[in-house]
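Some notes on the structure that comes next.
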Amino acid sequence: MGYGSRAEIARLGKVGGIVLDGVDVDDVSRRITVTPDLPERMLIDGRPVDPPPGLVLILNKPLGMTCSHKEDGALVYDVLPDRWRRRDPAISTIGRLDKQTSGLLLLTDDGDLLHRVISPKRHVAKVYRATLARSLTGMEGALFSSGDLVLEGDDKPLAPAVLEPITQTEARLTVTEGRYHQVRRMFAAVGNHVEALHRERLGGLALPGDLQPGHWRRATSDEVMAIFA
Ligand code: URA
């Protein structure tokens, strides 16, 4: 869980830094079963131990952060506790948002869940709000929903997508795939340009209204289920 090496944890145990059910754990060879209630039972340095594997986090991704473990500059992982970088299994984003896209981003250490959300077979809807450089012409919706649009550089047409105009230069777009820069490339294909992009929803899970940009929290099990609803 990233708290330290075996030697570091042994030292921590010796100085009373690990408490389980109110009792110091100084014999660090002791095996402790990892159960979901461990954070209620175990203190590390006086604080509840981090949640065990099976984490699902909801982040309101701010502009300017990259969904990568290794690139330079601000990364979405920077908003999480430092020791979480050392967790095994590692925490990864479920799909990616561009550096200049904001909104709903999930992170997890659960590989099965990650694959279920991004698998094209599951058709999990991704809902974006796009602000455009030019006015909508009125022909975009028919093309996006046709299932015939082939983006530059792709060989397969896009699955049908649903466009909902909001104003002349703002639209909501629902897609079920996660191709590279998909929304920006779709609007480029109709001669427009996306100036701002925000993800509002994944499946039945909306970005919680009380989650400010750059803030995150654990998803409840109902929220995880809502993704597939
Ligand atoms: N489509 C894009 O072009 N960018 C994103 O970040 C997500 C979807």
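Structure notes:
- Debye log10 I(q)/I(0) at q = 0.16, 0.29 Å⁻¹ for the range 6-48, Cα point scatterers: -0.36, -1.12
- Percent accessible area from carbon and sulfur atoms, the range 72-229, protein chains only, probe 1.4 Å: 50 percent
- Here the relative contact order of the range 6-48, from alpha carbon pairs under 8 Å that lie six or more residues apart, stands at 39 percent.
- Summing Cβ point charges (Lys, Arg +1; Asp, Glu -1) relative to the Cα centre of the range 126-202 gives a dipole of roughly 240 debye.
- Counted charge near Leu20, where neighbours are those whose Cβ lies closer than 14 Å (Asp, Glu -1; Lys, Arg +1): -3
- Relative protection proxy for 38-44, 202-208, from highest mean packing down: 202-208, 38-44 (other beta-carbon atoms within 10 angstrom).
- FRET E, pair Asp155, His123, Förster distance 22 Å, beta-carbon r, rounded to 0.05: 0.60
- Å² per residue, accessible surface of the chain at 1.4 Å: 55 Å²
- Scaled against the 2.2 N^0.38 Å expected of a compact globular protein of N residues, the Cα radius of gyration of the chain reads 1.24.
- Segment Leu43-Glu71, extension gain: residue separation times 0.36 nm, minus the distance between their alpha carbons: 6.7 nm
The values are calculated or read from the model by the stated rules, or taken from the named source; none is laboratory data. Not measured: the values here are computed from a predicted model. As a convention, Cβ positions derive from the backbone with ideal geometry for all residues, glycine included, and neighbour counts pool all protein chains shown. Note: accessible area is taken over every heavy atom of the protein model, side chains too, but ligands, DNA and RNA are not part of it. Shrake-Rupley method; radii C 1.70, N 1.55, O 1.52, S 1.80 Å.
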